[in-house]
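These notes are about the structure you will find just below.
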Amino acid sequence: MTDDHRTGPPNFGSEREMLRAFLDYHRATLAMKCEGLTDEELRQQSMPPSTLSLLGLVRHMAELERTWFRRAFEDNDAPMVWSDKTDFQAAYDASASTRTEAFTAWEAEVETSRRIEREADSLDVAGFQPRWDEEVSLRMVMVHVLLEYGRHNGHADFLREGVDGTVGA
């Protein structure tokens, strides 16, 4: 990993500013965990029978960003990135993937998510989550996605250590 270029979340701010900052911090953490690795290293799997890899996590988070922001607030019928059906496991199969493919998709979804959040009048804006067949607030979505990044960044810590011994944020 290279130097830590992440911007830490502020100690004070509105609820929205804090959610936005913590979400961006966790997005930057995932990217940082992948820095300096080859495509082959990014595809390195954790341990059998798991197919989990850093590249698989990036692909999964692209699906997650799309599902929770784009599909809930813009286009309920938007297809998944790597699956013809709602199969989040398909994204984990990074065996033929590259950094370019995975990061291009993930970064595009992150930008769409940021735009949707910025354009929303408030955290109480309602979207529709087709997987649940229920309305969800932007606040709920931001908290949910933040928790997903936190959980998966824990996986990324172990995966990175397994690739080259690098530990720490």
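The values are calculated or read from the model by the stated rules, or taken from the named source; none is laboratory data. For clarity, every value in this text was computed on a predicted model and none was experimentally measured. Backbone-built Cβ (ideal geometry, glycine too); neighbour counts: all protein chains shown. Each accessible area value is taken on the protein alone, full model and side chains, heavy atoms only, with ligands, DNA and RNA left out. Shrake-Rupley method; radii C 1.70, N 1.55, O 1.52, S 1.80 Å.
Some notes on this structure:
- Candidates are the residues of the range 142-162 that are under 15 Å from the mean Cα position of the chain (by Cα) and acidic (Asp, Glu); the one that is nearest to Glu74 (Cα to Cα) is Glu148.
- With respect to the stated conditions, Phe22 fails to be modelled with pLDDT of 95 or more, out of contact with any Leu (no Cβ under 6 Å at 6 or more places or on another chain) and farther than 16 Å from Ala102 by Cβ.
- Residue match in the range 53-70 (condition: open to solvent by 10 Å² or more (accessible area, probe 1.4 Å), in a loop (DSSP other than H, G, I, E, B) and under 30 Å from Arg139 (Cβ atoms)): no
- Of the residues in the range 14-23, none is of a type in the set (A, V, I, L, M, F, W, C), over 16 Å from Gly150 (Cβ atoms) and either part of a loop (DSSP other than H, G, I, E, B) or open to solvent by less than 40 Å² (accessible area, probe 1.4 Å) (or both).
- Some residue of the range 105-118 being outside any helix (DSSP H, G or I), open to solvent by less than 70 Å² (accessible area, probe 1.4 Å) and within 20 Å of Ala31 (Cα to Cα): no
- Scanning the range 72-100 for residues that are loosely packed, with under 14 Cβ neighbours inside 10 Å and modelled with pLDDT under 80 yields Asp84, Lys85, Thr86, Asp87, Gln89.
- Flag for Arg139 being under 16 Å from the mean Cα position of the chain (by Cα), more than 24 Å from Asp4 (Cα to Cα) and among the charged types (D, E, K, R): no
- Residues that are assigned to a loop (DSSP other than H, G, I, E, B), in contact with a strand residue (DSSP E or B) (Cβ under 8 Å, 6 or more places away or on another chain) and among the charged types (D, E, K, R), drawn from the range 119-142: Asp124
- If you filter the range 123-167 down to residues that are in contact (Cβ under 8 Å) with a residue 60 or more places away in the chain and among the small types (Gly, Ala, Ser), you find that the one that is most open to solvent (accessible area, probe 1.4 Å) is Gly162.
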